[in-house]
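Report on the structure given below.
Derivation of every value follows stated rules applied to the coordinates shown; laboratory data play no part. Model, not experiment: these values are computed from the prediction. Ideal geometry is used to build each Cβ from the backbone, glycine not excepted, and the neighbour counts take in all protein chains shown.
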């Protein structure tokens, strides 16, 4: 789930260390350059989706603060949330791209055109694609592992036991062997980040990525494999439901 050292170095370099001329698409782009490049490519006739992926390839900033909120596109230098960056860029082109297509991409992960996984990887670039896979397994799959545990607890009827925490909270104990409160204390001790009652989705994803590493370090291999299989099976069912809904 971690990016090899050379790959990680290449990826961080792409995000932080390289600069380019404002009108160039031959090198990494700062935020304002990226916005201008995306608009120019779309107005020149390129489909907004491939233009978006091309600009994401050249994006050079791992996080931004916008209106007092920090957006971490790259978690721990390893896991790339490309849809969060896509949302940030697409906010700039709502007047020149179909809003219904943008909504499907951001809300349901449905692309406006069929491209292969290999083509997607080529468009966003190898380092970002590998970091995207880290996000998929370290955040997306981990969230579904928790969801699967929650559904099992609901099926077992834990709600009938008065005084107990709700299933979505008890799921942490089931998956990680510690309560949510205990995990939050360990997380704060190790990272210096304290989780309050109110938490943004971005901050929650950073916590989830940390949990995925915690689980890898502390779970038996057989349990790791079992939890992952359950999550992938649930993801497959959710994907099939989504396809039926939009076809």
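Based on this model, can you work out whether residue 152 counts as within 19 Å of residue 238 (Cα to Cα), in a helix (DSSP H, G or I) and under 16 Å from the mean Cα position of the chain (by Cα)? No, not satisfied. Just one of the listed residues (104, 128) is out of contact with any helix residue (DSSP H, G or I) (no Cβ under 9 Å at 6 or more places or on another chain) and either buried (at least 19 other Cβ atoms within 10 Å of the Cβ) or touching a residue at least 24 places away in the same chain (Cβ under 8 Å) (or both), namely 104.
Here residue 117 fits the description: surrounded by fewer than 15 Cβ atoms within 10 Å (Cβ to Cβ) and farther than 19 Å from residue 223 by Cα. Please determine whether any residue of the range 107-128 is touching a strand residue (DSSP E or B) at 6+ places or on another chain (Cβ under 8 Å) and not in a loop (DSSP other than H, G, I, E, B). The answer is yes; a qualifying residue exists. The sole residue among 123, 170, 147, 183 that is farther than 28 Å from residue 219 by Cβ and either crowded, with 16+ Cβ neighbours inside 10 Å or touching a residue at least 24 places away in the same chain (Cβ under 8 Å) (or both) is 123. Looking only at the range 32-71, which residues are under 19 Å from the mean Cα position of the chain (by Cα), under 24 Å from residue 103 (Cβ atoms) and surrounded by fewer than 17 Cβ atoms within 10 Å (Cβ to Cβ)? 64, 66, 69 - these are the residues of the range 32-71 that are under 19 Å from the mean Cα position of the chain (by Cα), under 24 Å from residue 103 (Cβ atoms) and surrounded by fewer than 17 Cβ atoms within 10 Å (Cβ to Cβ). Applying the criterion of being in contact (Cβ under 8 Å) with a residue 12 or more places away in the chain and part of a loop (DSSP other than H, G, I, E, B) to the residues of the range 86-101, the residue that is nearest to residue 74 (Cα to Cα) is 92. Pairs are defined by a Cβ separation below 7 Å, a sequence spacing of at least 6 or placement on different chains, a first member in the range 219-247 that is more than 17 Å from residue 150 (Cβ to Cβ), and a second member that is exposed (fewer than 12 other Cβ atoms within 10 Å of the Cβ); the pairs so defined are 242/108.
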